[in-house]
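The values are calculated or read from the model by the stated rules, or taken from the named source; none is laboratory data. Keep in mind that what you see is a predicted model, and the values were worked out from it rather than measured. Positions of Cβ are backbone-derived with ideal geometry, glycine not excepted, and every protein chain shown enters the neighbour counts. Surface accessibility is based on the protein's heavy atoms, side chains included, excluding ligands, DNA and RNA. Shrake-Rupley method; radii C 1.70, N 1.55, O 1.52, S 1.80 Å.
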Amino acid sequence: MKAQAELETQASVSTDLGALPEWNLDDLYPGMSSPAFAADMARAEEQCRAFAGKWKGALAGIAAGENASASLAQAIREFEGLEDLLGRIMSYAGLIYTGNTGDPARAKFYGDAQEKITNASSDLVFFSLELNRIDDAQLNAAMASGPLAHYRPWLEDIRREKPYQLDDKLEQLFHEKAISGRSAWNRLFDETIASLRFDVDGRELSIEPTLALMQDPHEDMRHKAADAVAKTLQENLRTFALITNTLAKDKEISDRWRGFVDVADARHLSNRVEREVVDALVAAVTGAYPRLSHRYYKLKAKWFGRETLAHWNRNAPLPDVPTRTYKWEDARAIVLDAYGNFAPRMADIARRFFDERWIDAPVRPGKSPGAFAHPTVPSAHPYVMLNYQGKPRDVMTLAHELGHGVHQVLAAPNGALMAPTPLTLAETASVFGEMLTFRKLLDGTSDPVQRRAMLAAKVEDMLNTVVRQIAFYSFERKLHLARREGELTADQISELWMSVQGESLGPAIELKTGYEVFWAYIPHFIHSPFYVYAYAFGDCLVNSLYGVYQNAEQGFAEKYFAMLSAGGTKHHSELLAPFGLDARDPAFWQIGLSMIEKMIVELEGMEA
């Protein structure tokens, strides 16, 4: 524990890639055992009780009174302050846990914090329920002017949830049971994935380095890595199947009690996006499979001199093209230059993540896999988590997560209730940051072989973001619909997985034995059911947005920053209107998909 505590204070870890930064969480709390953390936890418990004592049962009377706007705004301000405090505590506990999920002390710290915050916040469950019981005419009158007008976007958002809310006691039960239900199963998944070791050529690796080897220049290494992933997942498949079944059933119970009709309706509601908009996106992408993924992977197989490619070659670097390794300082410079070329303000915000140690970059045993940007709370600042290994895709991941970070910084002034952005628009800044970085790299490359490799890598990233994520969404739909009929065996889940993978990737990708269990390591299925379509939504949106940017006169950057700064205060239609875009138009999605197709056409025209 001592060695781990000392690790937390390090500014960076020395590696072959240079000094990789580790985040400084002191801006939240100076340590797990710090008096500041204990004091805030005690204050949170006390203030939640006091809030309930002051406001519970009083909101309807206040709304009918003369000072409704001011009094209700005061209640919401107090609630918002508590949300910020609770969010700060859980952000710190979650980030500490992410750093090493295999450390029992961290796991206990996270579990204890989660339990205490769940108990404390149960005193707040009544608030949105009572607000939604206020007469519509009274609430509209109170929001029309005065202090309550500021909170209109948030009130309108929670109003949309009114048809799906239960009575107070049931809501409190759902809230408190989450700690021993959904949250516990999520934690089991995280700790299981982080503890797994994959034997690749005699080396025992965690999941991140193993997956990275599936992009190794040598096919035998890619093959061994894929086999190692399959073997270890297969050995643990009963656990993953149980987690998946339990969480799908948990969601079905919640959906049934709340009255959601479709398996994804709860996600659409939280994303503030209409079901028909998502259905149009899915139809557009699946209809484009033949001219996008099928077409590209056939071309890639030709570059390898084959008719088909085994699944471990799907993301392989192109043959006879040296794979560049990017040191950390190079990656930093590339991303900041790309951001700065778009707008100095964007680079200035992103630079703070490096200068003020808001990034945790090294691969470490026990560290959560993948990458994310965590907004924490408006009274603090975001943090970015990476598993940086110097590959070109790692540079794109850095650009992606910093895009999130910039967005979160800009949205923070909206406060704890209105800073969060629906997932569909939350991916906008991240994918736009990737596109800026890609264009910066491509424009600086004159060698035709390298340009083809870079263009191919970008097409693959876009296929992974659009085609693959919509296939994931289709898999989730099949899984949750099938789970309504009864528990699924691991083999049945694998069959559902393979049914959508073959359709999406096309005949040029050969899904060999072992690939059928690859669903088991994907965290989105566990943590955020149906999250994945947000990636495709964001990518297609950004492709359209980037087209506007390329043809724009002055003022695009200002409109872009205004969109990001809105946080969760506006609907997607309102945010996109200044750019002349409308996601409700079925033709909208073809704009983004056509950009991918144009890149594939350009690749077909290049000398192999």
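Among the chymotrypsin sites (Phe, Trp or Tyr not before Pro) found in the stretch 162-226, not one is both in a DSSP coil and sparsely packed, with 11 or fewer other Cβ atoms within 10 Å of its Cβ. The magnitude of the dipole of the stretch 195-313, with charges of +1 and -1 set on the Cβ of Lys/Arg and Asp/Glu and taken from the Cα centre, is near 300 debye.
Using only side-chain charges placed at the Cβ, +1 for Lys and Arg and -1 for Asp and Glu, the dipole size of the stretch 435-524 relative to its Cα centre rounds to 420 debye. Remark on Leu309: its backbone amide H falls under 5 Å from those of Ile509, Glu510, a criterion applied only to residues 5 or more positions apart or on other chains, H modelled at 1.01 Å from N. Rounded to the nearest Hz, the phi-derived 3J(HN,Hα) couplings of the stretch 217-223 under the Karplus curve 6.51 cos²θ - 1.76 cosθ + 1.60 (θ = phi - 60°) are x, 9, 5, 4, 6, 4, 4, where x marks glycine and proline. Counting only DSSP beta bridges with both residues in the chain, the antiparallel share comes to about 70 percent. Only Lys, Arg, Asp and Glu carry charge here, each on its Cβ (+1 for the first two, -1 for the last two); on that basis the stretch 1-129 has a dipole of about 420 debye about its Cα centre. Calculated on the Cα set of the stretch 386-448, radius of gyration then Dmax: 14.3, 49 Å.
Per-residue 3J(HN,Hα) values for the stretch 77-92, derived from phi via the Karplus relation 6.51 cos²θ - 1.76 cosθ + 1.60 with θ = phi - 60°, read 4, 5, 4, 4, x, 5, 4, 5, 5, 4, x, 4, 4, 6, 4, 4 Hz in sequence order (x marks Gly and Pro). Shown here: the stretch 228-377, whose C-alpha atoms stretch 52, 51, 38 Å along the first, second and third principal axes, sorted largest to smallest. Ranking Arg452, Arg393 from most to least accessible surface, computed with a 1.4 Å probe over the protein chains only, gives Arg393, Arg452. Taking amide hydrogens as placed 1.01 Å from N in the peptide plane, the amide H of Thr15 sits under 5 Å from those of Leu20, each at least 5 positions away in sequence or on another chain. Take every pair of alpha-carbon atoms less than 8 Å apart whose residues are at least six positions apart; their mean separation over the length of the stretch 307-417 yields a relative contact order of 26 percent.
Once all protein chains are placed together, Thr325 keeps about 90 Å² accessible to a 1.4 angstrom probe.
With a 1.4 Å probe rolled over the protein heavy atoms of all chains, the accessible area of Arg295, Arg77 falls in the order Arg77, Arg295, largest first. Its Kirkwood hydrodynamic radius, worked out from the mean inverse distance over all distinct Cα pairs, puts the stretch 316-455 at 15.8 Å.
Once the Cα atoms are used to define both axes, helix 237-258 deviates from the longest principal axis of the chain by about 40 degrees. Note on Tyr326: accessible area approximately 20 square angstrom, rounded to 10, probe 1.4 Å, nucleic acids and ligands left out.
In the structure shown, the pairs Lys108/Lys478; Lys478/Lys512; Lys169/Lys249; Lys391/Lys478; Lys231/Lys458; Lys391/Lys458 are assessed against 24 Å; a Cα-Cα span above that value is assigned to Lys108/Lys478; Lys391/Lys478; Lys231/Lys458. For Cα extents along the principal axes in Å, the value computed from the atomic coordinates appears in the list (i) 77, 56, 53; (ii) 109, 80, 47; (iii) 84, 53, 48 under label (i). In the chain, a dipole from Cβ-located charges (positive for Lys and Arg, negative for Asp and Glu) runs towards its positive end, and of Ala426, Ala347, Pro290 it is Pro290 whose Cα lies farthest in that direction. Considering only Gln165, Leu196, Gln215, and ranking their Cα positions along the charge dipole of the stretch 147-222 that arises from unit charges at the beta-carbon of Lys, Arg, Asp and Glu, the one farthest toward the positive end is Gln165.
Close amide H contacts of Lys570 (hydrogens built in the peptide plane, cut-off under 5 Å, sequence separation of 5 or more or a different chain): none are found. Taking only Cα atoms, what is the 0 to 90° angle, nearest 10, from helix 35-55's long axis to the longest principal axis of the chain? Helix 35-55 and the main axis of the chain meet at about 50 degrees. In the chain, taking the dipole from charged Cβ atoms about the Cα centre, the farthest positive-side position among Gly181, Leu417, Thr569 is held by Gly181. Solvent-accessible area of Tyr549, all protein chains in place: 70 Å² (probe radius 1.4 Å, heavy atoms, ligands and nucleic acids excluded).
Listed values for the stretch 264-278 are Karplus-derived 3J(HN,Hα) couplings in whole Hz (6.51 cos²θ - 1.76 cosθ + 1.60, θ = phi - 60°), namely 9, 4, 5, 5, 4, 5, 5, 7, 6, 10, 6, 4, 5, 5, 5, and x replaces Gly and Pro.
Between the helical axis of 448-465 and the longest alpha-carbon principal axis of the chain there is an angle of about 40 degrees. If you sort the three axes of the alpha carbon gyration tensor as a ≥ b ≥ c, you get a/c of 1.5 or more for the stretch 405-552 and a/b no higher than b/c, which makes it oblate. Seen through its C-alpha gyration tensor, with square-root eigenvalues sorted a ≥ b ≥ c, the stretch 325-396 comes out oblate because a/c lies at 1.5 or above while a/b is not bigger than b/c.
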